[in-house]
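Beneath this line is the structure, given in structure tokens, with notes to follow.
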Amino acid sequence: MREVSDVIPLSPEDRSRVPRFRGPCDFPRFAEAEDWEVLRHLGELVRGECRFELTLSDEYMDGAVVGLPPSILKGLRNGDFSYQDHVDLHGLNRHEARESVVRFLQESHARGLRCVLVICGRGLNSKGKEPVLKRVLVQWFTQAPLKRLVLAFASARTWDGGAGAFYVLLRRGQGKAPVRSPAL
């Protein structure tokens, strides 16, 4: 009290110029939105439903799960991973090709394969000389049920099919325990 004893109160006119205290400020909305974004992303990671970062052009296409180290995608692009099996979709329509790709990738994942080659062709024998399967393959890789299996994909090197084929990097198997069937 001794320190403030010489303070002179403000006149009513001067008091109106001083902003009123509005209490504690609310949590910033952008920070709240960031928190929800992080939680949503973590949930996607746990469920295996990650988004993909895509690079698309007429000749070259690649994509990887958001957060995958760039060195892995670079290695896939460069053909550093040896593919362990392949499927050729030449002569199949979209419906047949989708069934074939889904079955092939599911079986490859179940067998513990990490890198496979999917040959779709460049469309040179199709109507209008346009690749029919190339663009839809990108959609299939990034949507259920395959997005839970695929970590990354990239157009193949020339000697493996070039723009008419994709290297596909699969996730690791969930566990190393053997598959058991019920006793008969």
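Here are the numbers:
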| read-out | value |
| --- | --- |
| Solvent-accessible ranking of Met61, Met1, largest area first, probe 1.4 Å | Met1, Met61 |
| In Å², nearest 10: area of Glu53 left accessible to a 1.4 Å probe | 110 Å² |
| Heavy atoms of His90: accessible area, 1.4 Å probe, square angstrom to 10 | 110 Å² |
| Per-residue SASA entry for Leu54, accessible area with 1.4 Å probe, Å² rounded to 10 | 80 Å² |
| For Leu151, residues with placed amide H under 5 Å, excluding near neighbours | Leu169, Leu170, Arg171 |
| Sequence-distant residues sharing a close amide H with His86 (under 5 Å, placed H) | Leu117 |
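The values are calculated or read from the model by the stated rules, or taken from the named source; none is laboratory data. Note that the structure is a prediction, hence the values are computed from the model and not measured. These accessible areas exclude ligands, DNA and RNA; they are computed on the full protein's heavy atoms, side chains included. Shrake-Rupley method; radii C 1.70, N 1.55, O 1.52, S 1.80 Å.
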